[in-house]
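Every read-out reported here was derived from the displayed coordinates using simple, explicitly stated rules and does not represent laboratory data. Since this is a predicted model, take the numbers as computed values, not measurements. Cβ placement follows ideal geometry from the backbone for every residue including glycine, while neighbour counts extend to all protein chains displayed.
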There are 2 protein chains.
Amino acid sequence: MTANGRPRAPLMTNTQADRVKEVARLAGRPSRLRRREFLAEGPQAVREALRLHLTRVDAGAGGVVVDFFATDEALARHDDIAELLVHPTAPRLRMVTPEVLAAMSSTVTPQGFIAVCRFVDTPLDEILASGPRLVAVLVEVRDPGNAGTIIRAADAAGADAVILTGGSVDLYNPKTVRSTVGSVFHLGVVTGADVQDLPARLRAAGLTILAADGHGSSSLDDLQEASESRRFAGSQGDGDSRPPSSGGDDPQPPTPQPTTPWPTGEPSRSVAAASSAADDVRLEDPAAWLFGNEAQGLADTVTAAADARVAVPIYGSAESLNVGTAATVCLYASARAQRAR
Amino acid sequence: MTANGRPRAPLMTNTQADRVKEVARLAGRPSRLRRREFLAEGPQAVREALRLHLTRVDAGAGGVVVDFFATDEALARHDDIAELLVHPTAPRLRMVTPEVLAAMSSTVTPQGFIAVCRFVDTPLDEILASGPRLVAVLVEVRDPGNAGTIIRAADAAGADAVILTGGSVDLYNPKTVRSTVGSVFHLGVVTGADVQDLPARLRAAGLTILAADGHGSSSLDDLQEASESRRFAGSQGDGDSRPPSSGGDDPQPPTPQPTTPWPTGEPSRSVAAASSAADDVRLEDPAAWLFGNEAQGLADTVTAAADARVAVPIYGSAESLNVGTAATVCLYASARAQRAR
């Protein structure tokens with residue numbers, strides 16, 4: 001499978017070549033920071049890098065892919081990638097032997113493709129000015145797999161952006177990039193955000209700030225319940241509406257009135273907490289979710305700046321969810337509520 | 001910190017002792033299968049192993065923990081574990097040096113505790129006879145981290161059991177056990193189930209069978225929407241009820257019956273598909289979710305035996321979710337619908 005009609009460079013066979021060593025060094029942070037370049041590896045990641053590259057170049061912006069390396073075998077296996085490379089504004093394809101690819105790769109199973117990419121993060125201002133409706137904020141999330149999983153889940157949930165604070169894992173760590181499975185090229189990603197400064201700026205951009213916190217005082221379930229209640233009670237959607245089946249009484253007292261539980265059949269649920277969460281925060285509103293460090297969670301100073309501290313309910317005996325799965329549940333809950341509006 | 005009132009064995013200091021080598025060999029499958037024992041490592045896992053051990057012994061059943069190893073430093077840091085060990089039916093505590101612990105451990109950061117445990121899986125018959133309402137089935141899930149994440153998420157979502165088919169990763173692989181963060185000791189786990197035979201047996205146990213499938217014809221969103229619609233429309237719950245707010249326009253022609261779109265504002269959604277999913281399958285009913293292999297997903301022969309093939313909706317540009325996060329979203333959706341019944 002050749003990229004027809006374009007002159008092809010000779011096969012790179014020398015694993016000791018300077019360019020091979022340069023690319024390999026991008027697995028390390030100092031080299032990445034110096035060159036402002038990183039590695040995308042494997043078919044899914046390079047495909048998405050190429051697509052973003054073509055879109056940007058066609059829009060008159062700078063390209064993303066600086067250099068594109070592939071083995072013959074990998075190109076033959078992935079027609080769609082070979083086709084993208086035929087595009088006139090595609091980056092130059094450099095054919096390499098499996099040995100050269102392995103020498104450049106950060107992984108033991110490089111899967112035949114490496115794209116050297118320019119940094120793709122976006123300034124915070126730009127993201128906030130674009131009117132985002134769903135944003136994930138990683139506050140000192142340290143594990144590359146977790147960060148990548150959350151970026152992928154945010155992309156799946158239709159989030160507009162992911163913001164990494166200064167203390168978080170490096171977005172361009174090859175393990176992070178790999179775990180996003182191409183999503184790093186799909187949505188806006190901000191790096192090095194200042195966590196002190198961030199809540200005020202998110203709020204100024206019209207975002208409700210939700211801190212994901214296993215010990216939070218609001219249950220995600222209550223927020224979802226309140227949101228569905230508003231929706232199914234009709235278009236008034238004023239936060240006081242409730243499902244027709246729950247009877248007539250009103251939790252907001254004109255005079256003190258019997259409070260009605262959300263109709264969940266769960267006696268342990270605190271009606272007062274549910275009501276207050278529902279009053280403060282509407283899951284259907286534009287939101288920024290804050291997700292914290294794997295071991296310590298979110299610092300009190302951070303949760304204090306949020307509009308609500310929201311716990312994913314634990315129905316069984318697990319102590320907690322991991323940050324990647326908890327984030328997925330939170331982001332999908334927001335996405336559903338927002339889209340059902 | 002000593003386990004008061006119980007004679008303490010002398011400190012184990014010899015990294016070459018036979019028992020140390022025996023324990024270390026449990027990191028390998030042949031030794032595990034021969035002894036029907038496995039390793040629980042780190043405070044969270046050994047705590048849950050101890051709790052299950054005490055519960056079982058107190059109930060007159062066999063214990064779980066065969067041998068319990070700890071360093072002085074780890075015991076001093078975890079009072080609660082030291083307290084569990086004082087219980088008269090607790091397993092014998094063996095104090096070891098950090099070097100001995102490291103020699104026995106499967107990890108580079110063993111965190112001071114190892115419990116040698118008897119296999120804890122339960123026969124399928126026993127699980128099915130117990131009237132489970134929510135079950136996760138792992139069909140050839142191969143990555144220990146994914147399997148552990150799903151077991152932990154199933155536990156968090158209040159599932160009754162996790163079933164691993166024959167081709168799945170070994171439940172007792174130390175990486176799987178570690179990723180469950182103790183949940184392997186919380187819910188029923190079945191290993192080596194026959195995937196051919198399973199759907200009929202699950203159905204006979206009253207479970208709706210839902211195949212998680214990114215290309216599935218039912219959207220999880222539609223199932224949730226239909227379930228909420230039934231709930232909020234009141235007690236008739238007939239699957240045809242819908243929210244009062246959904247208004248008038250009708251994409252389906254006037255005769256047989258005016259189908260009303262689910263009020264999601266998503267024009268791309270197929271109303272017909274949503275209706276048929278809602279008719280066939282009720283998310284609030286007892287369910288078994290099938291989750292497939294990371295690369296291949298579920299085989300057609302498996303999805304064919306399910307009551308519905310359900311896709312977690314992708315609102316953004318991600319190609320898919322990983323199996324761990326997709327499973328978490330599915331299990332939480334079922335848990336919410338069932339509990340809100």
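The mean count of C-beta atoms from other chains within 10 Å of the C-beta of residues in A:42-49, rounded to a whole number, is 1. Taking label positions 7 Å along the Cα-Cβ direction at both A:Arg36 and A:Glu294, the computed distance is 3.1 nm, reported to one decimal. Packing order of peptides B:193-200, A:42-49, B:152-159, A:100-107, highest average first: B:152-159, A:42-49, A:100-107, B:193-200 (average count of other Cβ atoms within 10 Å over each peptide's residues). For the pair B:Arg29 and B:Ser130 in one chain, pulling the backbone fully straight at 0.36 nm per residue adds 33.4 nm over the alpha carbon distance.
B:Gly63 sits among other residues whose Cβ lies under 9 Å from its own Cβ, and their net charge, with Lys and Arg +1 and Asp and Glu -1, is +2. Taking segment B:156-179 and a reference point 7 angstrom along Cα→Cβ of B:Thr107, the backbone N atoms nearer than 12 Å belong to B:174-179.
Once the chain from A:Arg51 to A:Ala304 is taken as fully extended at 0.36 nm per residue, the excess over their C-alpha distance is 87.0 nm. Shown for B:Asp18: label points 7 Å from Cα along the beta-carbon vector, and their distances to the equivalent points in the other copies, 6.4 nm in ascending order.
Counting only DSSP beta bridges with both residues in segment B:18-118, the antiparallel share comes to about 75 percent. Potential lengthening of the chain between A:Ala61 and A:Thr89 amounts to 8.9 nm, from the contour at 0.36 nm per residue minus the alpha-carbon distance.
Each other copy places its own label point for A:Gly62 at 6.6 nm from this one, sorted shortest first, where the point lies 7 Å along the Cα-to-beta carbon line. Taking label positions 7 Å along the Cα-Cβ direction at both A:Asp194 and B:Lys175, the computed distance is 4.1 nm, reported to one decimal.
The other copies place their A:His215 label points at 4.7 nm from this one, listed shortest first, where each point is 7 Å from Cα along Cα→Cβ.
Within a straight-line Cα-Cα reach of under 16 Å, B:Lys175 cannot be paired with any lysines, leaving aside sequence neighbours fewer than 8 residues apart in one chain. Local charge for A:Val169 was computed over the other residues whose Cβ lies under 15 Å away, with Lys and Arg +1 and Asp and Glu -1, and equals +1. Summing +1 for each Lys or Arg and -1 for each Asp or Glu among the other residues whose beta-carbon sits under 14 angstrom from that of A:Ala147 gives -2.
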